[in-house]
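Novice: One structure is given below, represented as structure tokens, and several questions about it will come after.
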Amino acid sequence: MITTTPEPLEVAASPMERSLRRFRANKIGLCALGMVGLLAVIAVAFFVLDVLGIPWPMDPDATNLERKLLPPDSVNWLGTDNLGRDVFSRLLNGAYISLTVGFVAVFVSLFIGVTVGAVAGYFGKWVDNLIMRFVDAIMCFPTFFLILTAVALVGPSIFNIIIVIGLVSWTGTARLVRAEFLTLRESAYVQAARTLGQRGPKIIFRHMLPNAAAPILVTAVLGVPEAILAEAGLSFLGFGVQPPQATWGNIIADGKTYILDAWWLILFPGLAILIAALSFYLTGDALRQAVETRSERQ
Amino acid sequence: MSQPILQVRNLCIDFVLEDRTIEAVKDASFELAAGETLAIVGESGSGKSVTALALTRLLPVPPAVIKGGEILFDGESVMTMDAARLRKLRGGRIAYIFQEPSTSLNPVYTVRSQIGEAIRLHRRDVTDVDAEIVRWLDAVGIVDPAARMHDYPHQLSGGMQQRVMIAMALACQPDVLVADEPTTALDVTIQAQIMELLGSLKERFGMAVILITHNFGIVSGFASRVLVMYRGRIVEQGPTEEILRHPQHAYTRALIDCIPQLGSKAKRLKTIDHAAIEAA
């Protein structure tokens, strides 16, 4: 009788560690994450300085008609707009607003989406049917116009925009979580937990949610640029954050009149939106590759 | 003879599908004495797993419908138990181990976390959970249990995973252990080790075991009594020796003939001819 127990292979301990390892190997993902970090630092720094009352590098709302529509120079690094306001300072203000809207709106949509999806997926049957037909109905509306209509009704303000974006963008998350839960519900370890006499809520929170965490995290990160773009679009159309408060969207809106004379009014906020959205998308994509565990799960 | 720990009388289970109804278990009756080893043998779809899950009402209802019959555990009707009592019964009194250990363990938790969960659920009196985990891992023959309990399931081999599942089931100190094809997913040498382990644990802790299998080969020498299921019906039951020597039902004979014999001159392995059995 052979009674040896094989030495365990040297593999990274937790699934999270392995995901981290894979993420670290992804150069594009790391760069994108770096950009996201930089944006976050800028936003937080701006917020802190704003609270302390130190406008840096200048007050984004201070007008100076003697220095209006100037191209980038040593005083105004990214030029000035038609009222002589410093574009760089306004971009920083915009970063703060964009990221706030992005993160908080995603948090709202995640909360609703995960709850609704989990309920539908866990209970199944008519509960699932009822909820998912409702989700389908919401998904029939083009999201942006739904947001536009809702903001027109409740009035534009940062708070309203965040809530509205959050309230209309949870459907994708709900579908995803539902699909994950339908699979997880039938998985052997959930069945095993049931044979062990574990109670329903404990099965959901201990055995199902952590196994659905990876795809949820990925949609969350990919949801941030959607919210940022939605906010920029709204602000561009004048339904978003109201002037004089500067956001990337309304800087472009203000600048479009001077597009032939003052390229810096369009280019820099446009680049800011592009870089922010791209960084989040690429981070999300790298994250998706890093947490992809299907091949290992079997 | 003392009162059997488990009594199943005239159990009938249907699966109601959209277009038809399948009779999964038809009029099944059997008893299990405390500490006894019973094997339920039959091919896929014969109703053996359904019967086992029905013991603690684990079948999803619908589509499953328990049409009739009675299940008594320790004299108490399982059919009328409320949710709280059922949860105590599941795992605490009747524990299960399944075919596929790699999917029965949750990939995101360590062995310690999962066995600990079972212990905290059913044995509130245990204060040193870690020591208890180590004790059971050691009992199922895992080397260096104090280190291995921090492993995740994917770091263990299939045989070790099944040992962990067995440890988890035993840690709740059940009266009945239901082993649903515990070795089917493992290779043959590990199969032998696991069966040997189950046998010695049964001796040591004295629980009753229900072994569900399609393989008569592992039944002999393990189970004292055999129950043969065919198309939802119990076609034959009795002492293992008796059934192996003098199978009465054509299906039982066919199943026994399926076991490849060492040194047999036959060129092809035998298969089951259902038409012949129906005719018999």
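Novice: Please verify whether A:Glu226 is charged (D, E, K, R), more than 30 Å from A:Met16 (Cα to Cα) and buried (at least 20 other Cβ atoms within 10 Å of the Cβ), treating the condition exactly as stated.
Specialist: So A:Glu226 fails the test.
Novice: Looking only at residues in segment B:81-103 that are out of contact with any strand residue (DSSP E or B) (no Cβ under 9 Å at 6 or more places or on another chain) and in a loop (DSSP other than H, G, I, E, B), which one is nearest to the other protein chains (Cβ to nearest Cβ)?
Specialist: B:Glu100
Novice: Given B:Asp175, B:Asp180, B:Asp257, which one is over 13 Å from B:Leu38 (Cα atoms) and either in contact (Cβ under 8 Å) with a residue 24 or more places away in the chain or among the small types (Gly, Ala, Ser) (or both)?
Specialist: Going through B:Asp175, B:Asp180, B:Asp257 in turn, the sole match is B:Asp175.
Novice: Working carefully through the options B:Val143, B:Val65, B:Val108, B:Val129, find the one that is under 21 Å from B:Pro174 (Cα atoms), surrounded by 14 or more Cβ atoms within 10 Å (Cβ to Cβ) and either within 12 Å of chain A (Cβ to nearest Cβ) or of a type in the set (Val, Ile, Thr) (or both).
Specialist: After ruling out the rest, the residue left standing is B:Val129.
Novice: Out of the residues in segment B:110-127 that are out of contact with any helix residue (DSSP H, G or I) (no Cβ under 8 Å at 6 or more places or on another chain) and either modelled with pLDDT of 85 or more or not assigned by TED's automatic domain parsing to the domain that holds B:Arg163 (or both), which is nearest to B:Lys88 (Cα to Cα)?
Specialist: B:Ser113
Novice: Of everything in segment A:170-198 that's more than 8 Å from every other protein chain (Cβ to nearest Cβ) and among the hydroxyl-bearing types (Ser, Thr, Tyr), which residue is surrounded by the most Cβ atoms within 10 Å (Cβ to Cβ)?
Specialist: Checking each candidate, the answer is A:Thr173.
Novice: Could you tell me which of the residues B:Leu201, B:Leu211 is in contact with a Pro (Cβ under 8 Å, 6 or more places away or on another chain), within 23 Å of B:Thr37 (Cα to Cα) and at pLDDT 75 or above?
Specialist: Exactly one residue qualifies, and that residue is B:Leu211.
Novice: Next question, about the same structure. Listed residues B:Glu18, B:Glu23; which is farther than 30 Å from B:Leu201 by Cα, in the same structural domain as B:Lys88 (by TED's automatic domain parsing) and surrounded by fewer than 14 Cβ atoms within 10 Å (Cβ to Cβ)?
Specialist: None of the others qualify; the one that does is B:Glu18.
Novice: State whether one or more residues within segment A:64-86 are touching a residue at least 24 places away in the same chain (Cβ under 8 Å), among the aromatic types (Phe, Trp, Tyr) and either assigned to a loop (DSSP other than H, G, I, E, B) or within 15 Å of A:Ile251 (Cβ to Cβ) (or both).
Specialist: no
Novice: Search segment B:207-232 for residues that are in the same structural domain as B:Ser29 (by TED's automatic domain parsing) and of a type in the set (Ser, Thr, Tyr) and pair each with any residue that is in a loop (DSSP other than H, G, I, E, B) and surrounded by fewer than 22 Cβ atoms within 10 Å (Cβ to Cβ) when their beta-carbon atoms are under 7 Å apart and the residues are at least 6 apart or on different chains.
Specialist: Going by the 7 Å Cβ cut-off, the qualifying pairs are B:Thr213/B:Glu181; B:Ser224/B:Glu36.
Novice: One residue is enough: does segment B:4-18 have a residue meeting the conditions part of a loop (DSSP other than H, G, I, E, B), without any contact (Cβ under 8 Å) to a residue 40 or more places away in the chain and not β-branched (Val, Ile, Thr)?
Specialist: Within segment B:4-18, one or more residues are part of a loop (DSSP other than H, G, I, E, B), without any contact (Cβ under 8 Å) to a residue 40 or more places away in the chain and not β-branched (Val, Ile, Thr).
Novice: Quick one: which residue in A:Pro269, A:Pro201, A:Pro243 is within 14 Å of chain B (Cβ to nearest Cβ) and either out of contact with any Gly (no Cβ under 6 Å at 6 or more places or on another chain) or touching a residue at least 40 places away in the same chain (Cβ under 8 Å) (or both)?
Specialist: Matching residue, one of A:Pro269, A:Pro201, A:Pro243: A:Pro201.
Novice: Ok, one more. Considering each residue of segment B:32-58, count those that are within 11 Å of another protein chain (Cβ to nearest Cβ) and in a loop (DSSP other than H, G, I, E, B), and give that number.
Specialist: So the count comes out to 4.
Novice: Follow-up. Scan segment B:155-194 residue by residue and report those that are in a helix (DSSP H, G or I), at pLDDT below 85 and not small (Gly, Ala, Ser).
Specialist: Listed by number, the residues that qualify are B:Val188, B:Thr189, B:Ile190, B:Gln191, B:Gln193, B:Ile194.
Novice: Answer yes or no as to whether A:Val127 is within 28 Å of A:Leu267 (Cα to Cα), in a helix (DSSP H, G or I), out of contact with any Leu (no Cβ under 6 Å at 6 or more places or on another chain) and not acidic (Asp, Glu).
Specialist: No, not satisfied.
Novice: Next question, about the same structure. In segment B:68-80, what residues are without any contact (Cβ under 8 Å) to a residue 40 or more places away in the chain and either of a type outside the set (D, E, K, R) or within 14 Å of another protein chain (Cβ to nearest Cβ) (or both)?
Specialist: Answer for segment B:68-80, where residues must be without any contact (Cβ under 8 Å) to a residue 40 or more places away in the chain and either of a type outside the set (D, E, K, R) or within 14 Å of another protein chain (Cβ to nearest Cβ) (or both): B:Ser77, B:Val78, B:Met79, B:Thr80.
Novice: Would you be able to say whether some residue in segment B:147-165 is within 11 Å of chain A (Cβ to nearest Cβ) and under 15 Å from the mean Cα position of the chain (by Cα)?
Specialist: Yes: one or more hits.
Novice: May I ask you to list the residues in segment A:204-240 that are touching a residue at least 40 places away in the same chain (Cβ under 8 Å) and among the polar types (S, T, N, Q)?
Specialist: Selection gives A:Thr219 alone.
Novice: Given the residues A:Ala262, A:Ala290, which is the only one that is modelled with pLDDT under 90, buried (at least 16 other Cβ atoms within 10 Å of the Cβ) and either within 14 Å of chain B (Cβ to nearest Cβ) or outside any helix (DSSP H, G or I) (or both)?
Specialist: Testing whether each residue is modelled with pLDDT under 90, buried (at least 16 other Cβ atoms within 10 Å of the Cβ) and either within 14 Å of chain B (Cβ to nearest Cβ) or outside any helix (DSSP H, G or I) (or both) leaves just A:Ala262.
The values are calculated or read from the model by the stated rules, or taken from the named source; none is laboratory data. Keep in mind that what you see is a predicted model, and the values were worked out from it rather than measured. Virtual Cβ from ideal backbone geometry, glycine too; neighbours counted across all protein chains shown.
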